[in-house]
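Below is one structure, written out as structure tokens, with a few remarks after it.
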Amino acid sequence: MIRKRNLVFLGPPGAGKGTLSEVIIRDEKLVHISTGDIFRAEIGNGTALGKEAKAYMDAGKLVPDQLVVDMVAARLAKEDCAGGFILDGFPRTVAQAEMLEQIAEKTGRKLDCVVLFDAPYDLLIRRLTARLTCRKCKANFNKLFAKPKTEGVCDHCGGELYQRADDSLETAQNRLKVYEEQTAPLIKFYTDNGLLAKIDSSLPRDRAYEALLTVLS
Ligand code: AMP
């Protein structure tokens, strides 16, 4: 069992945060909180929050901090997070990280580790533009590196695979630019407070997972 359980997965889109989250929650009882997944569910359900988030997401821009932070604060306060959680895709700005410190203090959910998923730009673009996502269980596949057994069908639940609208080349490039400008400053933020650990997420999935378990043990 891993020792560090209150976690942030930090890194550019396509680095494998969601994929390794799926893998680790099969072995460890952690709550996976993906802000992107929550927004996509809100959009699917046609809620006011979903409608507000959609325009930003379609353009590859960040949703305003306060909307995201309120959503995460409500989720972290739930009892099931007491045994550990993964924040995947949050925080994405220094302002969000500062607000997370306040939430953590209020809810008693102090972070144990921030894992930086590191991978080169070209690989990120190739992964994002070839990514396929399951409509039902949200599992990720890839037309180049991790094909499903049957084309268009999820190996895990039989759900339909689709390409996310924001995984088009133009939007993927824009999301990586937004990452560099707004999210990469968090590397210094979490290095300075001693929480940062780095893994090489250009490795094949199994080896990246081993590296993840090592930094969390
Ligand atoms: P993801 O699935 O993590 O790649 O997120 C997809 C999109 O959701 C992002 O491109 C943003 O538009 C939005 N989003 C997700 N998490 C955040 C966040 N922490 N702050 C702002 N926008 C977010």
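Remarks
- The Cα center of the stretch 109-185 and the Cα center of the stretch 187-217 differ in position by 18 Å.
- The charge dipole of the stretch 69-198, taken about its Cα centre with unit charges on the Cβ of Lys, Arg, Asp and Glu (plus for the first two, minus for the last two), comes to roughly 440 debye.
- Here the simple spin-label model places points 7 Å from the Cα toward Cβ, and for Lys147 and Asp65 these points are separated by 4.6 nm.
- Net +/- balance of residues flanking Glu160 in space, Cβ distance below 9 Å, scoring K and R +1, D and E -1: +2
- Comparing Leu176, Leu123, Leu76 in a Gaussian network model of the chain where C-alpha atoms under 10 Å apart are linked, the largest mean-square fluctuation is found at Leu123.
- By the Cβ rule of 4.7 Å, the chain holds the following cysteines without a possible disulfide partner: Cys81, Cys113.
- The helix-based estimate of mean residue ellipticity at 222 nm for the chain, built from -39,500 (n - 2.57) per DSSP H run of four or more residues and divided by its residue count, is -13500 deg cm²/dmol to the nearest 500.
- Accessible carbon and sulfur surface of the stretch 82-184 relative to its total accessible area, %, 1.4 Å: 49
- Beyond 25 Å in Cα-Cα separation lie the following of the pairs Lys4/Lys149; Lys78/Lys136; Lys4/Lys54: Lys4/Lys149; Lys4/Lys54.
- Accessible surface, the stretch 8-98, averaged per residue in Å² (probe 1.4 Å): 41
- Beta bridge orientation in the chain: antiparallel %, DSSP, nearest 5: 30
- For the stretch 1-67, carbon and sulfur atoms together expose 54% of the accessible surface, with a 1.4 angstrom probe and every protein chain in place.
The values are calculated or read from the model by the stated rules, or taken from the named source; none is laboratory data. In this text, all values refer to a predicted model and were calculated from it rather than measured experimentally. For neighbour counting, all protein chains shown are included, and Cβ atoms are generated from backbone atoms with ideal geometry for every residue, glycine included. Only protein heavy atoms, including side chains, enter the accessible area calculation; ligands, DNA and RNA are left aside. Shrake-Rupley method; radii C 1.70, N 1.55, O 1.52, S 1.80 Å.
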